[in-house]
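**Q** I am attaching a structure below and will ask some questions about it afterwards.
Derivation of every value follows stated rules applied to the coordinates shown; laboratory data play no part. Predicted, not measured: the structure shown is a model, and the values here were computed from it. Note that each Cβ is placed from the backbone with ideal geometry, even for glycine, and that neighbours are counted across all protein chains shown.
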Amino acid sequence: ELKEIVFIIQSQSNSFHSKRAEDLKRDILKQAADLGKELPMVLLIHQMDGHEGAWTILPLMRDLSVTYGRNSSWIFFCEEDTRIQVLKLLETLGRFDESKEWFLGKALYDEESTIIHHYAFAENPTVFKFPDFAAGWALSIPLVNKLAKKLKSEPLKSDFTIDLKHEIALYIWQRGEGPHLTSVPEFCTDDVNSHKVDHCATTFSNFLPLCGEPVKKEDVFVAVKTCQKFHGDRIPVVKQTWEREAALIEYYSDYADISIPTIDLGIPNTDRGHCGKTFAILERFLNHSSPRTPWLVIVDDDTLISIFRLRKLLSCYDPQEPVFLGERYGYGLGTGGYSYITGGGGMVFSRTAVQKLLASKCRCYSMDAPDDMVLGMCFSGLGIPITHSPLFHQARPMDYPKDYLSHQIPVSFHKHWNIDPVKVYFTWLAPNTEESLNGKKVGYNREDL
């Protein structure tokens, strides 16, 4: 029965995202009503729990078990851009015995072991499967009850949440004692208009959001963090690739080099963390850039980014709101903790967010504290939620499953390690034919990488 499925949309509180999640909720309930079925429960994660870690899902298991453990059969999770054929989903779940422990989804796997998964399964990373959240994924109630029980006796460790889909699959697998992910061909990430989707219970509608005209070039101020030892190898890559897409760009270093040019903020370089430098950039943006520039992007000198695509994405956000956008990580979310935007993929701030942050007096506890984590702590303390976009990436393209990247138009990647960064930029991020750069298409085949 449809009423035995609890739908949970992995929503966010930012106004753009919450509206998309509400639209999906309405669509699910309308389909249920049109089928003449008793309406299912549809929950939005950002409304479910006041605590910061709700998006990591595992902390919700005990509540889900208590509330739905008796009268429901399945918890079905999806993203705000997952599109669901409710009748087809009902038929698909009906193939599985709901009295058993099931973990269902569209399977992803690593082609090579990767830092974002702590080099798990290094011998053969393809053996371990984890769900593509964009296609939706499901847990049977017996498995939810089992996880809730486990969490009661073994609370989650207070460490990092880096790639949630992989970490949830690892937790459920329990070193081989729990269920593996069962791959379900009806859970799809093909575009809703694709000819391939006739058999699909789910599809995915969104590659790169655009909400009207892209924001103007002059509305995005780009700050590049660098230091003297990288002027010779990393900065030339920026200049060969994405610098031309930025109307307003400054390079901040520990040494003023007029050939680039770099600006010395008077903050000595630190081997790690860079908190002092980042806060100096925030102060400079607020006090020295045009007050009419609504957006600030802070990137590392080895970040590869498409400013062109970022301008499209930013058309969906209101700079009057305190927006802090990028790839979301978590720290200690099982026990309070906080979420943060990981720096390497690029951190995007609305001017309003910078104003609120600097007015708060929340600052670095040391010059070499990790800037992204300190910012996460500060915004958490201010009650300003961070906004996650899966289009920003802390690692290189080969650190992600091909199938995962196939339904994205990425905004950024990070690191020059063991790759040709110029080639990666022109393959993955450069304006394509319709976005052409000086009328010329420069491209490589993604499969080469």
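**Q** Full-extension gain between Asp368 and Asp23, please, as 0.36 nm times their residue separation minus the C-alpha to C-alpha distance. Walk me through the numbers on the way to the answer.
**A** Details: separation 345, 0.36 × 345 = 124.20 nm, distance 4.32 nm.
Length difference between fully extended and current span is 119.9 nm.
**Q** Binning every alpha carbon pair distance of segment 217-438 at 10 Å from zero, what are the percents per bin?
**A** Histogramming segment 217-438 at 10 Å steps yields 8, 35, 39, 17, 1, 0 percent.
**Q** Springs between alpha-carbon pairs under 10 angstrom, Gaussian network model over the chain: which of Ala122, Ala148, Ala134 fluctuates most?
**A** Ala122
**Q** Return the calculated 222 nm mean residue ellipticity for the chain, to the nearest 500 deg cm²/dmol, obtained by summing -39500 (n - 2.57) across DSSP H runs with n ≥ 4 and dividing by the residue count.
**A** -7500 deg cm²/dmol
**Q** What are the ³J(HN,Hα) couplings of segment 87-97, residue after residue, when phi is run through the Karplus curve with 6.51, -1.76, 1.60 and θ = phi - 60°? Round to Hz, x for glycine and proline.
**A** Per residue, the Karplus-derived 3J(HN,Hα) values read 5, 5, 5, 4, 5, 5, 5, x, 6, 10, 6 Hz.
**Q** Another one. What FRET efficiency comes out for Lys88 versus Ser315 if R0 is 30 angstrom and r is the Cβ-Cβ distance? Round to the nearest 0.05.
**A** For Lys88 and Ser315, the calculated efficiency is 0.35.
**Q** What distance in nm separates the simple spin-label points at Asp198 and Tyr171, each placed 7 Å from Cα in the Cβ direction?
**A** 4.0 nm
**Q** Can you tell me the length gained on complete extension of the stretch Arg272 to Tyr119, counting 0.36 nm per residue apart and subtracting the Cα distance? Write out the running numbers ahead of the final one.
**A** Values: separation 153, 0.36 × 153 = 55.08 nm, distance 2.19 nm.
This chain segment gains 52.9 nm when fully extended.
**Q** Another question, then. Would you mind calculating the gained length between Asp403 and Thr182 on full extension (0.36 nm times residue separation, minus the Cα-Cα distance), in nm to one decimal?
**A** Taking 0.36 nm per residue and subtracting the Cα distance, the gain is 77.9 nm.
**Q** Right, next: In degrees, nearest 10, range 0 to 90: what is the angle between the Cα axis of helix 141-153 and the longest Cα principal axis of the chain?
**A** Taking the Cα atoms of the chain, the angle to 141-153 is about 60 degrees.
**Q** Take the Cα of Ser289, step 7 Å along the line toward its Cβ, and report every residue of segment 330-370 whose backbone nitrogen sits under 12 Å from that point.
**A** Within reach of a label on Ser289, which here means backbone N under 12 Å from a point 7 Å along Cα→Cβ, segment 330-370 contributes 347-355.
**Q** A further question follows. Binning every alpha carbon pair distance of segment 1-76 at 5 Å from zero, what are the percents per bin?
**A** Per 5 Å bin, starting at zero, the Cα-Cα P(r) for segment 1-76 comes out as 3, 16, 24, 22, 20, 11, 4, 0 percent.
**Q** Tell me, how many Å apart are the Cα centres for segment 266-317 and for segment 14-33?
**A** Rounded to whole Å, the Cα centres lie 33 Å apart.
**Q** Further question: Can you figure out the FRET efficiency of Ser99 with Leu210, using R₀ = 51 Å and their beta-carbon distance, to the nearest 0.05? List each step's numbers first, then the result.
**A** Values: r = 45 Å, r/R0 = 0.89.
About 0.65, to the nearest 0.05.
**Q** While we're looking at this one, here's another question. For the chain, just the Cα atoms, rotate onto the principal axes and tell me the three extents in Å, largest first.
**A** For the chain, the Cα spread along each principal axis is 69, 48, 46 Å.
**Q** Pick from Ser13, Ser315, Ser153: which residue has the top mean-square fluctuation in a GNM of the chain where Cα pairs under 10 Å get a spring?
**A** Top of the fluctuation ranking is Ser153.
**Q** Also, quick follow-up: Using each residue's phi in segment 112-122, evaluate 6.51 cos²θ - 1.76 cosθ + 1.60 at θ = phi - 60° and report the 3J(HN,Hα) Karplus result to the nearest Hz, with x for Gly and Pro.
**A** 9, 5, 9, 4, 5, 10, 6, 6, 5, 6, 4
**Q** Follow-up. For Tyr255 paired with Ser15, estimate the spin-label separation in nm (one decimal), with each label point 7 Å from Cα along the Cα-to-Cβ line.
**A** Calculated label separation equals 4.7 nm.
**Q** Right, here's the next one. Nearest 10 degrees, 0 to 90: what angle lies between the long axis of helix 371-381 and the longest principal axis of the chain (Cα atoms)?
**A** 60 degrees
**Q** Okay, next question. At R0 = 30 Å, how high is the FRET efficiency between Ala247 and Lys423 if r is their beta carbon distance? Nearest 0.05 is fine.
**A** With a Förster radius of 30 Å, E is 0.75.
**Q** Here is a further query. Which of the lysines could a cross-linker span from Lys129 if the Cα-Cα distance has to be under 27 Å and same-chain partners fewer than 8 positions apart are dropped?
**A** Counting by Cα, and skipping residues close in sequence, Lys129 has these lysines nearby: Lys88, Lys100, Lys106, Lys146, Lys149, Lys150, Lys152, Lys157, Lys165, Lys196, Lys402, Lys415.
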